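Colleague: Once you've had a glance at the structure underneath, I'll fire off some questions.
Nothing in this text is a laboratory measurement; each read-out follows from the coordinates by a stated rule. Predicted, not measured: the structure shown is a model, and the values here were computed from it. Ideal geometry is used to build each Cβ from the backbone, glycine not excepted, and the neighbour counts take in all protein chains shown.
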Amino acid sequence: MALALSVRFRKTFGEFSLDVAWEAENGIVVLFGPSGAGKSLTFQVLAGLVTPEEGRVQLGDTLLFDREAGVNLPPRERAVGYLFQHHALFPHMSAEENIRFAHPVPRSAEAGAEAEALLRRFHLQGLARQHPRALSGGQRQRVALARALMRKPRWLLLDEPLSAVDLALRRSIRAELKQLQRSLAIPMVLVTHDLGEAFAMADYLVIYEGGRVTQAGSPEEILRNPENSVIAEWAGNARVHGGRVFSF
């Protein structure tokens, strides 16, 4: 059954005010905008790391935050998996140990079996004993994803997941992330300031600017009727070059 994600909140930091609202069905939701637009702050609110002054966040039938109702689930109760920008792997732990760490009982036989299954899933079997420094960027990415999935999350948050990966690897990892989302059938929220990546990855695209949502919808809808000057210029260039807008 598809999980809908409903987001509406306001948060103020000094002179910066983030006031956003959007809703999306199960799939990959991409938050796009320039640095400082409020994307990563939204990520932190969704994760439960930052508390808004007002609003409501709901995933399916689970209320994550509601200021009026006095609901604010802590991060550990939000059933969310995280993939951070620079992977945040423990350098002193092997790939397998990093994955097992996310299990409630890391040294248990159950944790070992589940870690082994995830290592196979991400084609990392021969690298289980390797430490992060010995892994490539793509391999570290897969270890971080495996660790996130060890928690059996209901949804995934990915903060600039491809920024630390070589350009040559980006297409293959995008395809892997899409395939993973389809196989798990859980929502993914991906933060990026790369426009090509946003259009390549999104089922539902949310455009941020200055702490506000300026446009939201499917990539096709936004390309047909862009309300942002950057998007309009990019869409025009894409049409001039044969409309190859998802090939980045």
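Colleague: Once you have all Cα-Cα distances for the stretch 92-153, histogram them in 10 Å bins from zero and send the whole-percent values.
Modeller: Calculated over all Cα pairs of the stretch 92-153, the distribution is 27, 60, 13 percent.
Colleague: What FRET efficiency would be calculated for the residue pair V230, S6, taking the C-beta separation as r and a Förster radius of 22 Å, to the nearest 0.05?
Modeller: 0.25
Colleague: Using the basic label-point model (7 angstrom from Cα toward the beta carbon), what is the E68 to V105 distance in nanometres?
Modeller: Distance between label points: 4.4 nm.
Colleague: Of all trypsin sites (Lys or Arg not before Pro) in the stretch 1-93, which ones are in loop regions per DSSP and have a Cβ with at most 14 other Cβ atoms within 10 Å?
Modeller: Sparse-neighbourhood loop trypsin sites (Lys or Arg not before Pro): none present.
Colleague: Now a separate question. Hey, which lysines would be in cross-link range of K11, C-alpha to C-alpha under 24 Å, not counting anything within fewer than 8 residues on its own chain?
Modeller: Filter leaves K39.
Colleague: List the residues whose amide H sits under 5 Å from the amide H of V50, counting only those 5 or more places along or on another chain, with H placed 1.01 Å from N in the peptide plane.
Modeller: Residues meeting the amide H criterion: V45.
Colleague: HN-Hα J couplings of the stretch 110-121 from phi, Karplus 6.51/-1.76/1.60, θ = phi - 60°, integer Hz, Gly and Pro as x?
Modeller: 4, 4, x, 5, 5, 5, 4, 5, 5, 4, 5, 4
Colleague: Efficiency by 1/(1 + (r/R0)^6): what FRET value for A88 and D194, r their Cβ-Cβ distance, R0 = 22 Å, to the nearest 0.05?
Modeller: The formula returns an efficiency of 0.60 here.
Colleague: Pairs of alpha-carbon atoms within less than 8 angstrom and 6+ residues apart define the contacts here; what relative contact order does the chain have, in percent?
Modeller: Reported relative contact order: 27 percent.
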